[in-house]
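These notes concern the structure reproduced below.
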């Protein structure tokens, strides 16, 4: 999970960049199972990501992709704070 707190006036540009990165991750990375982008209601300066990868190696591979590198460098000036939380998926809620 990642929480971005954005600099004022940057949310539209950041949103375009992160959606492109999310789409490329799900489309092009076999180890990326889910990549959700969430804007909390009433908080356009915050973006939350929920990403699911097969394993730590798949996440490491994600961080080495060209689309991630492009996103990371283009979005860095837009970000005031970035909080990354790594965890283990204990239950996915897909039992039907």
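Each value in this text was obtained by applying a stated rule to the coordinates, not by laboratory testing. Small disclaimer: the values here were computed from a predicted structure and weren't measured. Positions of Cβ are backbone-derived with ideal geometry, glycine not excepted, and every protein chain shown enters the neighbour counts.
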Label-point gap, in nm, between residue 41 and residue 12 - each point 7 angstrom along Cα→Cβ: 2.4 nm
Label-point separation in nm, residue 26 to residue 58, each point 7 Å along Cα→Cβ: 1.4 nm
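Sort 53-66, 10-23 by packing, meaning the average of other beta carbons within 10 Å per residue, with the highest value first.
10-23, 53-66
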The range 12-53-the range 60-91 distance, computed between alpha-carbon centres (Å): 9 Å
Nitroxide proxy distance, nm - points 7 Å out along Cα→Cβ at residue 74 and residue 5: 2.6 nm
Expected 222 nm ellipticity per residue - DSSP helices of 4 or more, -39500 (n - 2.57), all of the chain, to 500: -11500 deg cm²/dmol
